[in-house]
Each structure stands twice: as structure tokens, then as C-alpha cells.
Amino acid sequence: MEDIMTLEEVAGYLKLKPQTIYTWAQDGKIPAAKLGKEWRFRKSIIDRWFNQHIDEKFSAYLEPKS
């Protein structure tokens, strides 16, 4: 399951501190699953989540979809 990432991998991927990812996961601000005491993330879902946030924040700069 190469699509599954650890908290540290997600932090590196998004270039954020692991503590930020941990806090977001606990607060439900980033899609994650807690397995026992460990957080796990699916890369494909993180990619969609990130793109959705970028699209919302910068929608004025995106070309209209036809």
C-alpha cells in the first residue's frame, strides 16, 4: 500500500512541521485515520484535499471551466 503515508511523510510532502499535521488530524482539518496510536493518510486523498483548498483560495485566478 504505497498510497498510505505516515504523519512524518505527509509533513515532508506538504513541507510542514509534523506537529502541524498532528494538530490538523486531531481537529479533523486534514483527512486522516487513527490506527491505534498512529495517524495514517492516503496520498490520493491528501492530493485531492490540497487541490480543493488551493482551488477555493485562488479561484479568482483560475481559468473558468467550460
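Coordinate-derived values only; no laboratory data. Remember, it's a predicted structure, so these values are computed and weren't measured experimentally. Neighbour counts are summed over all protein chains in view; Cβ atoms, including those assigned to glycine, are modelled from backbone coordinates with ideal geometry.
Residues in the stretch 31-47 that are in a loop (DSSP other than H, G, I, E, B) and of a type outside the set (D, E, K, R) were compared, and the one that is farthest from residue 11 (Cα to Cα) is 36.
Among the residues of the stretch 13-30, just one is touching a residue at least 12 places away in the same chain (Cβ under 8 Å) and in a loop (DSSP other than H, G, I, E, B), namely 30.
If a residue has to be surrounded by fewer than 12 Cβ atoms within 10 Å (Cβ to Cβ) and not small (Gly, Ala, Ser) to count, how many in the stretch 23-46 make the cut?
Selection size over the stretch 23-46: 5.
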